[in-house]
Amino acid sequence: MSASPATHRVLAAVLAAGALVSVAAVPAAAHDDDRHGHRGRHSAIVIGDVQYDGHGRDNRALNREWIEVRNTGRHPVNLHGFTLSDRDGNRYRFDRLRLDGRSSVRVHTGSGRDTRSDVYQDRRRPIWDERDTATLRDDRGNIVDTETWGRRGHHDTHRR
């Protein structure tokens, strides 16, 4: 038994409408998540260890002060345009750095020669205090991760 051409047109219209409804539902669901306080996107890039307050203003002391940025994923990530900032608004912008999977880079406060595992902010005074918050943002300004610490090196990690 063969369906009439009119039945084929109706069936095609119903299938097309169903496809449009399902496509339209995807962005609505993603947008709905944004309204429930989810900041940033899930990322393999996180703030790792923190070494603050280098005790001194010479370059050696400043380079003992650093924030570690880790790639916990298996794939490399281009950090170009990512920023790392403190509670006072001091900001470091990553330039051309590709962070391999399951690796890390230390962002030192002082001066030095950038490598794959160490980059330098070229600052002349300490940035990270004994009570501070480091915020890592992606190249679009979205918060990727934050790390807050208090007295005597106690760390309270807040992952976004």
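Here are the numbers:
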{"item": "Potential extension, ASP114-ARG102 segment - 0.36 nm per residue separation minus Cα distance", "result": "2.4 nm"}
{"item": "Cβ-defined net charge surrounding ASN78, 12 Å radius [Lys, Arg +1; Asp, Glu -1]", "result": "-2"}
{"item": "Approximate spin-label separation ALA44-ARG124, in nm, with each point projected 7 Å along Cα-to-Cβ", "result": "4.1 nm"}
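Every number in this text was worked out from the coordinates using simple rules, so none of it is lab data. Just so we're clear, the structure is a prediction, and the values are computed from it rather than from any experiment. Virtual Cβ from ideal backbone geometry, glycine too; neighbours counted across all protein chains shown.
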